[in-house]
1. Count, please, the residues in the stretch 89-117 that happen to be of a type in the set (V, I, T) and either at pLDDT below 95 or under 20 Å from V22 (Cβ atoms) (or both).
2. Looking only at the stretch 12-23, decide whether some residue is modelled with pLDDT of 95 or more, surrounded by fewer than 18 Cβ atoms within 10 Å (Cβ to Cβ) and in contact with a Leu (Cβ under 6 Å, 6 or more places away or on another chain).
3. L67: in contact with a Pro (Cβ under 7 Å, 6 or more places away or on another chain), within 18 Å of H4 (Cβ to Cβ), crowded, with 17+ Cβ neighbours inside 10 Å and among the aliphatic types (A, V, I, L, M), yes or no?
4. Can you tell me which condition R86 does not meet? The list is (1) at pLDDT 95 or above; (2) assigned to a loop (DSSP other than H, G, I, E, B); (3) of a type outside the set (V, I, T), and all the others hold.
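The values are calculated or read from the model by the stated rules, or taken from the named source; none is laboratory data. In this text the structure is predicted, and so the values were computed from the model without any measurement. Please note: Cβ atoms are built from the backbone with ideal geometry, for glycine as well, and neighbour counts cover all protein chains shown.
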Amino acid sequence: MPDHDPNCIFCKIARHEIPANVVYEDDETVAFRDLNPQAPVHILIIPVRHLASLNEASAEPALLGKLLVAAQRIAAEHGLAERGYRVVNNIGADGGQSVGHLHFHLLGGRSLGWPPG
């Protein structure tokens with residue numbers, strides 16, 4: 001599998017081919033503000049390398065851990081650690097995944113209801 005999909009919008013963001021409001025970046029991870037926020041803080045956390053969904057990530061436990069550690073770090077930097085926040089991963093059409101690139105939603109800054117969907 002190639003490291004990126006030339007037609008994937010998140011791959012283009014990771015390669016800085018299209019602009020995004022990036023809040024965190026390292027060699028394997030990019031995090032940026034969602035264009036259609038569902039909470040006062042809504043940040044998408046993606047791997048730089050293209051993986052279509054969590055279903056393709058079973059051989060990538062270190063990468064998955066790195067994405068979740070980035071979520072925790074970003075939540076703390078945005079003042080969410082004390083009140084709480086949510087990290088969401090949607091898989092497939094019925095799961096609500098709208099972009100075919102693995103990504104986690106970091107949501108916070110308000111009370112988040114349950115169930116979510």
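1. Of the stretch 89-117, the ones of a type in the set (V, I, T) are 91, 99.
Right, trim to either at pLDDT below 95 or under 20 Å from V22 (Cβ atoms) (or both) and you get 99.
Summing the residues that are of a type in the set (V, I, T) and either at pLDDT below 95 or under 20 Å from V22 (Cβ atoms) (or both) in the stretch 89-117 gives 1.
2. Looking for residues that are modelled with pLDDT of 95 or more, surrounded by fewer than 18 Cβ atoms within 10 Å (Cβ to Cβ) and in contact with a Leu (Cβ under 6 Å, 6 or more places away or on another chain), one finds none in the stretch 12-23, hence no.
3. Working: in contact with a Pro (Cβ under 7 Å, 6 or more places away or on another chain): yes; within 18 Å of H4 (Cβ to Cβ): yes; crowded, with 17+ Cβ neighbours inside 10 Å: yes; among the aliphatic types (A, V, I, L, M): yes.
Judged against the criteria, L67 is a match.
4. Going through (1) at pLDDT 95 or above; (2) assigned to a loop (DSSP other than H, G, I, E, B); (3) of a type outside the set (V, I, T) one by one, R86 breaks only (2).
For every residue, the table says whether it meets (1) closer than 18 Å to G109 by Cα; (2) without any contact (Cβ under 8 Å) to a residue 12 or more places away in the chain; (3) of a type in the set (K, R); (4) in contact with a strand residue (DSSP E or B) (Cβ under 7 Å, 6 or more places away or on another chain).
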| residue | (1), (2), (3), (4) |
| --- | --- |
| I18 | no, yes, no, no |
| V22 | no, yes, no, yes |
| Q38 | yes, no, no, yes |
| V48 | no, no, no, yes |
| L51 | no, no, no, no |
| N55 | no, no, no, no |
| A59 | no, yes, no, no |
| A62 | no, yes, no, no |
| A70 | yes, no, no, yes |
